[in-house]
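Asks: Take a look at this one; I'll ask things after.
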Amino acid sequence: MAAAEPESAPLTLESLPTDPLLLILSFLDYRDLINCCYVSRRLSQLSSHDPLWRRHCKKYWLISEEEKTQKNQCWKSLFIDTYSDVGRYIDHYAAIKKAWDDLKRYLEPRCPRMVLSLKEGAREEDLDAVEAQIGCKLPDDYRCSYRIHNGQKLVVPGLLGSMALSNHYRSEDLLDVDTAAGGFQQRQGLKYCLPLTFCIHTGLSQYIAVEAAEGRNKNEVFYQCPDQMARNPAAIDMFIIGATFTDWFTSYVNSVVSGGFPIIRDQIFRYVHDPECVATTGDITVSVSTSFLPELSSVHPPHYFFTYRIRIEMSKDALPEKACQLDSRYWRITNAKGDVEEVQGPGVVGEFPIISPGRVYEYTSCTTFSTTSGYMEGYYTFHFLYFKDKIFNVAIPRFHMACPTFRVSIARLELSPDEYEEMEDAEEEEEDDNVLTEMEESDEDDTEARPRRLFDVPIRRRRYSRLF
């Protein structure tokens, strides 16, 4: 008779080997890992295994090995301490902290004064006090950013970019939370809007809507644009810059650290360069960057202001006899309706630059459209310095300009049919007056072309050319 086989011991959590359990726990999120501490003594011990918390510290708090060494704490203690401080922002902290770290790392060698202007992070109680002051809750991602840096000192240049024309200068500072609270809007047209930035030269601000009101979405970031045709001062159109604070801030930082926005003389210039906006003719390359200026634009009446930056460079490998001088320019300007305007003139910005091997010439100019977008293209005419009777054209690549998404003021949308028709008639009359003015100015001097929408503006190109 066969001997009875011994009965195997039941499989329990306590009898399972450690390594497979640690592997399973490594796939859990921090919430589940903490819950495991309350299941059994064995799981409590295993879930406290310090390497398990390393991944969570790096994922949520961006804590490096160096920081861990400096603080002389285990990974789990670091996670818990950080969570107790900024845990309410865990869904936003990593993205915003990375943006700040990337921005400071990029700017420190290039714009050290700008980095020094940043303020220390605000305390939770400071942000709570601001909420009590304005009577609204601040977005969590906004609060998270201000826990890291409470804006900057009101200095020039501002962290949020600059723009310079001959008679116009803009540089936007990131406001600290107390200054922003002082500018919190309760008036019609900007109700429940908090300023994010401020330019001391133009008074321009970017706003965040802390509540949904007057047709705005909650947390939307925008430039205000007063409706110049409306009789109601509450009629304020908006150029939308970001759907949320995180979207607005991280997209700006990405444009800076990727080199998309050039840094010139310690300032971030908000020109956008399309890699396709480059044309090479022989040894000369022309590239273009563009920018939209909301402070000089309006939706009503339609007037969209753009500036562009032209870079003309001759290859350093070109022969010396290829040195040449710019004589004239030709532009073909097309708006979104397909209307075409041609502009010709001597030189650029009143100058006739000489281009030689390895040299760069840059200048800024601007134009306006009555449509939300348009494009320009053309060519420069040069002559060789050593063969003055030989002239040639250099292509300017086609470059497109488009204003950001905008939203029409709800005050205009709520007009009665009679009021709206009256406003439309007033706009048509103003457009007719503008056309009549152009015709009258053209009649005064037959040698001049009709008033142009294109303006050449010098920006001390000699100093800039040395930087590239």
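The values are calculated or read from the model by the stated rules, or taken from the named source; none is laboratory data. These numbers were taken from a predicted model, which means no experiment stands behind them. Glycine also receives a Cβ, built like all others from the backbone with ideal geometry; neighbour counts cover every protein chain displayed. Just the protein is used for accessible areas: all its heavy atoms, side chains included, with ligands, DNA and RNA removed. Shrake-Rupley method; radii C 1.70, N 1.55, O 1.52, S 1.80 Å.
Asks: Going from most exposed to least, what order do L13, L159 have by accessible area with a 1.4 Å probe? Working shown, then result.
Replies: Details: L13 60, L159 5 Å².
From most accessible down to least: L13, L159.
Asks: Something else about it: Could you give the longest part of the chain that holds none of the GluC sites (Glu not before Pro) found in DSSP loops with at most 14 neighbouring Cβ atoms within 10 Å? Walk me through the numbers before you get to the answer.
Replies: Values: sites that count: E7, E120, E414, E448.
Longest run free of exposed loop sites: 121-413.
Asks: Between the helical axis of 75-86 and the dominant principal axis of the chain, each derived from Cα atoms, what acute angle in degrees is found, rounded to the nearest 10?
Replies: 60
Asks: Go through region 55-163 and name the trypsin sites (Lys or Arg not before Pro) that are in a DSSP coil and have 15 or fewer other Cβ atoms within 10 Å of their Cβ.
Replies: Details: sites: R55, K58, K59, K68, K71, K76, R88, K97, K98, K104, R105, R110, R113, K119, R123, K137, R143, R147, K153; in loops: R110, K119, R123, K137, K153.
Loop-located and lightly packed - R110, K119, R123, K137, K153.
Asks: Mind checking region 292-375 for trypsin sites (Lys or Arg not before Pro) that DSSP puts in a loop (not H, G, I, E or B) and that have at most 12 other Cβ atoms within 10 Å?
Replies: Qualifying residues, ordered by number: K316, K337.
Asks: Order I241, I354, I96 by their accessible area, 1.4 angstrom probe, all chains in place, largest first.
Replies: These residues rank, largest area first, as I354, I241, I96.
Asks: So what are the chain's ellipsoid semi-axes, whole angstrom, largest first, if each one is the square root of 5 times an eigenvalue of the alpha-carbon gyration tensor?
Replies: Values: eigenvalues 604, 206, 86 Å².
The three semi-axes for the chain are 55, 32, 21 Å.
Asks: Which whole-angstrom value gives the distance between the alpha carbon centres of region 115-158 and region 178-205?
Replies: Measuring centre to centre over Cα atoms gives 14 Å.
Asks: List the lysines whose Cα lies under 30 Å from the Cα of K316, skipping any in the same chain that are fewer than 8 positions away.
Replies: Of all the lysines, those that pass the test against K316 - Cα under 30 Å, at least 8 places apart if same chain - are K388, K390.
Asks: May I pose another question? Mind listing the long-range amide H neighbours of I241? Cut-off is under 5 Å, sequence gap 5 or more, other chains count too, H placed in the peptide plane at 1.01 Å from N.
Replies: V221, F222, Y223
Asks: For the chain, which whole percent of the accessible surface, found with a 1.4 angstrom probe, sits on carbon and sulfur atoms? Provide the component values of the computation, followed by the final result.
Replies: Numbers: 12000 of 23940 Å².
Carbon and sulfur together cover 50 percent of it.
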